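Below you'll find the structure, written out as structure tokens, and then a few comments.
Please treat every number below as a calculation from the coordinates, not as lab data. Just so it is clear, the structure is predicted and the values come from calculations on it, not from any experiment. Using ideal geometry, Cβ is built from the backbone for each residue, glycine included, and neighbour counts are taken over all protein chains shown.
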There are 2 protein chains.
Amino acid sequence: MRGGSTVALYSVVELPFTGPATPVPADRTPLTVTFAHEGGHVVEVPGFWDGADRYLARFAPEVEGRWTWSSASDVPRLAGRSGELAVGPAEPGEHGPVRVAGTFHLAHADGTPFRPVGATVYNWLHQDEPLFSETVDAIAGAGLNKLRFMVFPQAGGYVEHFPELLPFERGADGRYDVSRPVVEYFRRLDAAVRLLQARGVQADVLIYNAYDNARFGLDTLTEDEDAAYLRYLVARLSAYPNVWWSLCNEFDLLDRPTARWDRAGELLAATDPHEHLRSVHNWVRLYDYNKPWVTHASIQLGQATEDVGRASLFRDAYRKPIVLDEIKYEGDVPERWGHLTPQQLVHQFWIATVSGCYASQGESFTLENGSLHIVQGGPLRGESPPRLGFLRGLLEQVDGAGLDPIDGWWDDGFVVGVPGSTYLQYLGRRSPATWTFRLPQGRWGARLETGDRFEVDVIDTWNMTVTPVGRTFELTDVRRNEAFAGDAAPVRLPAGEALAVRVRRSGPAAPTSTT
Amino acid sequence: MRGGSTVALYSVVELPFTGPATPVPADRTPLTVTFAHEGGHVVEVPGFWDGADRYLARFAPEVEGRWTWSSASDVPRLAGRSGELAVGPAEPGEHGPVRVAGTFHLAHADGTPFRPVGATVYNWLHQDEPLFSETVDAIAGAGLNKLRFMVFPQAGGYVEHFPELLPFERGADGRYDVSRPVVEYFRRLDAAVRLLQARGVQADVLIYNAYDNARFGLDTLTEDEDAAYLRYLVARLSAYPNVWWSLCNEFDLLDRPTARWDRAGELLAATDPHEHLRSVHNWVRLYDYNKPWVTHASIQLGQATEDVGRASLFRDAYRKPIVLDEIKYEGDVPERWGHLTPQQLVHQFWIATVSGCYASQGESFTLENGSLHIVQGGPLRGESPPRLGFLRGLLEQVDGAGLDPIDGWWDDGFVVGVPGSTYLQYLGRRSPATWTFRLPQGRWGARLETGDRFEVDVIDTWNMTVTPVGRTFELTDVRRNEAFAGDAAPVRLPAGEALAVRVRRSGPAAPTSTT
């Protein structure tokens, strides 16, 4: 590394250091490596202890060209080292970390849009093979592209497997000593994140945990201990491009003042040199996603996706990407969070979509051992996953930052799209015999004009078909709030509910957006 | 006053001072009067110039007993005065300023709940008699109890009357000189607020204005000038118990950075000694109502009241009272904000109610002179106002802070109430033939228990009737999330839509709430 080897953009550069085998106190970072690009851009990367006398600093460059680096530390053996780095183009298919794009949407660092269609397996990290890999196979195979999982193990309902491996050594008093992380534990976590990366899945890392139930004692760390762990976790994982941070799952189950979550979130934002996405997920009380450290809302509120006109209000309230990370699960358990029909879950994903939001799935069929897929993973047995993969495929075809409500002000206008270019309307539980061409004229972006021409596809969200209508619709009557295609005959729709209609411009070329 | 006269709690104590006739620079308060209660409570009240050499300080005490006061000022003639004040019980019917109660609701300073059912007449202040008084007669007569109106005059569409009287003298450069308020203008405003107070109507004062349209030039004041005006306005009006503050109507129509609104709101909160309610009202972009200076959300988004399951999300996002201060208007103008049917407006008020929120009406029938009631006022001609007064009457009967969603997590459970005591369900556009007794068991407050007994009323929201069913329903089957009354026969409902069902406990006595 020192001599100036060439690495790919967004790839993980790992610098090894040798230092004291006695742990560095938990209230500090053992070393910091400053990476300086020839163009002036500087990134300060925290290093971390990796067992015995081994220390590492991990960095993923986001600018091509020549970088130099130098280390600083209170520990003389870790300080004062330096070197160079040549960064070349990214590996094919690697686009860098996902960040906010277009206020309400997401894109990789290189600008490639990212459309999350998420999965949930809380206790995945603590399962043995082959279950561990099968889970990723199933998720990636279904076309899901984000996985929510917890770093600390889960106890409580439906958990059948408790790990031996725990994240910290214990001190003489029996308490966890967060200055002595168990390296094997965190190398397992590294490997988990890399496995997801290799399969094209974002790792939505749940940092803290409301499901300890006094079994592991990891929810009784002090705020300082929590902070030491957070700094360690960030130093280890930040360079992996597919990391997202979620402070906690159902944070409000824990009896903690909101200010403690605020401070943890601010620490996370201040500590992460690669600026990954940051949020926190709720039980029944929403966090204030307007707080500056939050990049996107990660919301549990199934009701918000049970009809149109709801989840889009979260966009209005937060003006950030809205990811509905728990909308109840397809399954068969008696609790009301866990027995959605597959039709209902697919329905809710489509409602999230036409609300300009994103969602995550989970599966809660009772398994042979009494556990659930959302706890331990494994093959997916539901009927919804392929339909969610189909939805993702359609989202990938959107040419623009993402789908936004065109006219959220008006109840009959629940159409999302990219103004002037693409429109998507979900017909939901109704089974209309026909659909008459009509587009809302929104307040933002390209304006519709007389003479604009559009092609229409009928989408069957359950049977996963996209059927072109095969006619061109030309705007003849453009009013202040809506546009019509003269006396074009209505589009006949097939029988069955859960249809959607997609309208895409075929001519003339769309004007440049004025957003 | 000086000798220790007795005044009523919440009444306006006005202390006159004599000072320089030359204006005090606009960047400062001419004098401050400190009121100290014998129990230690201290309130600092800003004084203001009232023309010629006359200065006033107004104060409304909220604690009975002995108060002393003393004045401080950079101007020697205004400084160093002092006196005493004996405060006795409030006048009958006077309950003091309205503030937040129970997180999502409102109550007067003495604890009396306040249930806003609002009205809107933007340019009311600038109308002549008899229109000026007729407007208040009509609003109070309909049972509406809050009026949104602007301090600065309105220009633009539907405005037929432009006042001669403007709020500031102009300097030699032709610009407004905010150090020289036009006293006649602001005395008119005093009288307007007092008139509303006398009629039991809260004065929702819109401080700035997005409808100037370059006619008056009052929207081109600098931030410092705006601040001087705000301090003056607060010093004049703060002692009136019925004042609410709204920074601006449709604030986002003005091309100003959000940070300027933040600073104005923070100044308002820091300046108002009587701590009136504070918000700001939007056009298409919501303000961040989570900001600490905001006491409640004042939202325009008609769509949020067009179906259940929507507006309650604002409660989740902001955890403050939600007042839907513009949900479109009953009227006949072509613009889509202005031609709701009365049935639709009443429907939307009921949806707001069963979302745990509040709303305001407005009327936009084209008047003979081309104006609208929401602009100039006058008699109300719509069919909705009596129905809104009827709704207010029902809200006044609620024994508790207000109606909260009992189980917002579940789509079929849109029931609001006071847990264990009162439940209200709106059946909306459906016309079911029967209603079967079922209550949701929420997460908060008193729990339902087997043996609890309830009476049921059927409410016709349009025909304004409350019909007791005349049977007692006793809980026989209380589950985790809902409770049933055995095999009680369903309640037969009259024909017609827009019905509601109210369920009230008749026995045994409700346990104390555990909220």
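Taking a Cβ cut-off of under 10 Å around residue B:262, the surrounding Lys, Arg, Asp and Glu residues balance to a net charge of +1, with basic ones at +1 and acidic ones at -1. Amide H to amide H, with H built 1.01 Å from N, residue A:254 comes under 5 Å of no residue 5 or more places away or on another chain. Shortest first, residue B:283 label-point distances to identical copies amount to 4.3 nm, with the label point at 7 Å from Cα along Cα→Cβ.
Computed over neighbours whose Cβ is under 15 Å from that of residue B:236, the net charge equals +2, Lys and Arg +1, Asp and Glu -1. Residue by residue, region A:119-128 carries 3J(HN,Hα) couplings of 10, 9, 9, 4, 9, 3, 4, 9, 9, 8 Hz when phi is fed to the Karplus relation 6.51 cos²θ - 1.76 cosθ + 1.60 (θ = phi - 60°); x denotes Gly or Pro. Less than 5 angstrom separates the built amide H of residue A:202 from those of A:146, A:147, all sequence-distant by 5 or more or on a different chain.
Between residue B:465 and residue B:215, what is the FRET efficiency for a Förster distance of 51 Å, r being their Cβ-Cβ separation, to the nearest 0.05? Given R0 = 51 Å and the Cβ-Cβ separation, E is 0.60.
Relative to the Cα centre, the charge distribution of region B:3-88, modelled as +1 at Lys and Arg Cβ and -1 at Asp and Glu Cβ, gives a dipole magnitude of about 180 debye.
Of B:211, B:362, B:222, which is farthest on the positive side of the dipole of chain B, counting Cα position, with +1 on Lys and Arg Cβ, -1 on Asp and Glu Cβ, and the Cα centre as origin? Going by the charge dipole, the pick is B:362.
Decide, for region B:154-197, between rounded, prolate and oblate: order the square roots of the alpha carbon gyration tensor eigenvalues as a ≥ b ≥ c, take rounded if a/c falls under 1.5, and otherwise choose prolate if a/b is larger than b/c, else oblate. It comes out oblate by the Cα gyration axes. Dipole orientation for the protein assembly as shown: of the candidates B:345, B:242, B:119, B:345 has the Cα lying most toward the positive pole (charges on Cβ; Lys, Arg +1; Asp, Glu -1). Converting phi to 3J(HN,Hα) with the Karplus coefficients 6.51, -1.76 and 1.60 and the offset θ = phi - 60°, region A:318-332 yields 10, 6, 9, x, 10, 10, 7, 8, 7, 10, 6, 10, 6, x, 9 Hz in sequence order, with x at every glycine or proline.
Pairs of alpha-carbon atoms within less than 8 angstrom and 6+ residues apart define the contacts here; what relative contact order does chain B have, in percent? 12 percent. A DSSP coil position with no more than 12 other Cβ atoms inside 10 Å describes the following GluC sites (Glu not before Pro) in region B:347-386: B:368.
Sorted from closest to farthest, the other copies place their residue B:270 label points 2.4 nm away, with each point set 7 Å from Cα along Cα→Cβ. Charge tally around residue B:187: other residues with Cβ under 14 Å, Lys/Arg +1 each, Asp/Glu -1 each, net +1. Bridge orientation summary for the protein assembly as shown: considering DSSP beta bridges with both residues in this region, about 70 percent are antiparallel. Database remark: amide H of residue A:13 closer than 5 angstrom to the amide H of A:59, A:60 (H placed geometrically; neighbours at sequence offset of 5 or more, or on other chains; Pro and chain starts carry no H). With R₀ set to 22 Å, the beta-carbon distance separating residue B:5 from residue B:28 gives a calculated FRET efficiency near 0.15.
Averaging the Cα positions of each part gives two centres, and for region A:86-159 and region A:410-486 these lie 33 Å apart. Here the protein assembly as shown is treated with +1 on each Lys and Arg Cβ and -1 on each Asp and Glu Cβ, and its dipole about the Cα centre works out to around 100 debye.
The HN-Hα couplings worked out from phi for region A:93-99 by the Karplus form 6.51 cos²θ - 1.76 cosθ + 1.60 (θ = phi - 60°) are x, 9, 10, x, x, 8, 9 Hz, whole numbers, x standing for Gly and Pro.
For residue B:431, the point set 7 Å out from Cα toward Cβ sits 2.5 nm from its twins in the other copies, listed from shortest up. Considering only DSSP beta bridges where both residues belong to region A:156-275, give the percentage that are antiparallel (nearest 5). Within region A:156-275, antiparallel bridges account for around 35 percent of the total. When both bridge partners sit in chain A, DSSP labels roughly 70% of those beta bridges antiparallel. Using a/c under 1.5 as the rounded threshold, could you call region A:56-158 rounded, prolate or oblate? The axes a ≥ b ≥ c are square roots of the C-alpha gyration tensor eigenvalues, and prolate needs a/b larger than b/c, oblate otherwise. Since a/c reaches 1.5 but b/c is at least a/b, the shape of region A:56-158 is classed as oblate. Straight-distance candidates among the aspartates and glutamates for linking to residue A:291, with alpha-carbon spacing under 13 Å and chain neighbours fewer than 8 residues away dropped: A:262, A:266, B:288.
Considering all different alpha carbon pairs of chain A, the Kirkwood hydrodynamic radius works out to 24.4 Å.
Distance between the 7 Å Cα→Cβ label points at residue A:190 and residue B:492: 7.7 nm. Counting every other Cβ atom within 10 Å of each residue's Cβ, A:431, B:179, B:246 order from fewest to most as A:431, B:179, B:246. Only the Cβ atoms of Lys and Arg (+1) and of Asp and Glu (-1) were treated as charged; on that basis the dipole of chain A about its Cα centre amounts to roughly 880 debye. Taken along the Cα-to-beta-carbon direction at a fixed 7 Å, the label points for residue A:173 and residue A:38 span 5.4 nm. For chain A, the residue among A:186, A:422, A:297 whose Cα projects farthest onto the positive side of the dipole built from Cβ charges is A:422. Shape of the protein assembly as shown from its Cα gyration tensor (a ≥ b ≥ c, root eigenvalues): rounded if a/c is under 1.5, otherwise prolate when a/b > b/c, or oblate? It is prolate, given that a/c is not under 1.5 and a/b is the larger ratio.
Candidate cross-link partners of residue B:328 among the lysines, defined by an alpha-carbon separation under 24 Å and a same-chain spacing of 8 or more, comprise B:146, B:320.
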